[in-house]
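Below: the structure, in structure tokens.
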Amino acid sequence: MRRFFESDAERAPFTWGVYDGATQACGIWRKSGVSLDAFEVGKKLETLLNQSGVPDNYGYAVSVDVIFDPEDFIQYLRNAYEIKRFRFTSHFENAHDVQRLIQKPAQEYAEIVGAEKTTVEAEGRNLDAEVLEDLTRSVASIGEEATAVVKMEENSRSKRIVLRGTPFSVEVSLDSIGNFFEKSREAIVDAYRNLRRQQS
């Protein structure tokens, strides 16, 4: 009987996940046999947590957003001859670790006026790539959207770039299955800090 249940459980469409409270980062183990992508798993997890009743009891709602790897977008910003426009969205949520220059005030503004989402746009002859890289990392780290209009060369036409692509992923090296969860948590914390360029 024991073998039957263990075998049945192994074939069931489930996966493992880890959560780090300090960074509010959640990692989902990509498991063969589970066809759902990161978006679908995230939405199912969000629904499951909200339907538990616990967030509602405290007047909250849980949001699970996919974090995109922002490096390609950032490379465009770094290599651009000119950055003409930068735009990002900010939802009113309890995002704990946002860029203080403009992202935090945008969230506070959304809260004050009762908005669910605020869009902030900057336009100029050539916007500061270093400031925008920091902002992009912050926007990406909480699953928000960003776009930019750049010129890659002096005589080239402007092009629009979008912060999207593959979900952020990391590899986890395991000494044994016993340390799976702790190693996975450490890996997502390191990945998050690398994304934000934060020190441990």
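The values are calculated or read from the model by the stated rules, or taken from the named source; none is laboratory data. Every value quoted in this text rests on a predicted model; they were computed, and no experiment measured them. Cβ atoms come from the backbone with ideal geometry, glycine included; neighbour counts cover every protein chain shown.
Within the set of pairs 6 or more residues apart or between chains, which connect a residue that is over 15 Å from Ile161 (Cα atoms) inside region 120-133 to a residue that is part of a loop (DSSP other than H, G, I, E, B) with Cβ atoms less than 7 Å apart?
Val120/Ile102
So which residues in region 68-101 are closer than 22 Å to Cys26 by Cβ and modelled with pLDDT under 75?
Within region 68-101, Phe92, Glu93, Asn94, Ala95, His96, Asp97, Val98, Gln99 qualify.
Outside any strand (DSSP E or B), among the hydrophobic types (A, V, I, L, M, F, W, C) and buried (at least 19 other Cβ atoms within 10 Å of the Cβ) - does that describe any residue in region 145-162?
Checking region 145-162: not a single residue is outside any strand (DSSP E or B), among the hydrophobic types (A, V, I, L, M, F, W, C) and buried (at least 19 other Cβ atoms within 10 Å of the Cβ).
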